[in-house]
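Take a look at the structure set out below.
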Amino acid sequence: MTMDNTIENLATYAPLGRSGLCVSPLCIGTMTFGNEEGWGSSEATARTLLARYLEAGGNFVDTADLYTGGDSERMLGKFMREMNNRDRLVLATKYTFNQFPEDPNAGGNSRKHLREALHASLQRLQTDYIDLYWMHTWDTMTPRRGSHEHLERPRAGRQDSLSRPERRARLVRRVCTDPC
């Protein structure tokens, strides 16, 4: 980045905190990939947006299990498979929200929901690992200490780095530091 905060090149990578990952200075958010809920981008538009971002050197992709009812993750999984580029990307996704209101345990930050949400995200994303797994927000049931304990220990090699909400500002600040 220059002194006027313009990004000249997405291929100027910087460390993502202490994760050991190097990411582009701009992460593409995919909240609007999919239009099953009556809004958002078509598959063709989403594919074009992602392709242009990657062509410009971007490598950091963010999504969440609830974005457009899971369509964002499904599209990304399809695109990564078609482009054969999963290993080049730093893939982040988030969990917390309940997509099945009739099931009181299908949301929140409990260990049970973390495990189930992670498994579902891996299936939608058509991958066997996620680089950064975020807690989308705090819930009102799970004690913060319990949430912290789940997030501090990666499970079964399926996610490489985990993050809690209050760490976001620090991570964003570090992304804009020394290039890799």
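The values are calculated or read from the model by the stated rules, or taken from the named source; none is laboratory data. What you see is a predicted model; the values in this text were computed from it and never measured. Positions of Cβ are backbone-derived with ideal geometry, glycine not excepted, and every protein chain shown enters the neighbour counts.
Overview of results
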{"quantity": "Some residue of region 21-29 being among the polar types (S, T, N, Q) and either under 19 Å from Leu122 (Cβ atoms) or part of a strand (DSSP E or B) (or both)", "calculated": "no"}
{"quantity": "Condition met for Arg47 (surrounded by fewer than 14 Cβ atoms within 10 Å (Cβ to Cβ), in a helix (DSSP H, G or I), of a type outside the set (Ser, Thr, Tyr) and modelled with pLDDT of 95 or more)", "calculated": "no"}
{"quantity": "Breaking point among (1) in contact (Cβ under 8 Å) with a residue 12 or more places away in the chain; (2) under 23 Å from Tyr129 (Cβ atoms); (3) more than 17 Å from the chain's Cα centre (by Cα), for Glu43", "calculated": "(2)"}
{"quantity": "Any hit, region 5-13, residues being hydroxyl-bearing (Ser, Thr, Tyr) and surrounded by 19 or more Cβ atoms within 10 Å (Cβ to Cβ)", "calculated": "yes"}
{"quantity": "Single condition Asp71 does not satisfy, out of (1) under 14 Å from the mean Cα position of the chain (by Cα); (2) at pLDDT 55 or above; (3) acidic (Asp, Glu); (4) not in a helix (DSSP H, G or I)", "calculated": "(4)"}
{"quantity": "Residue in region 86-98 that is assigned to a helix (DSSP H, G or I), surrounded by 12 or more Cβ atoms within 10 Å (Cβ to Cβ) and at pLDDT 85 or above present", "calculated": "yes"}
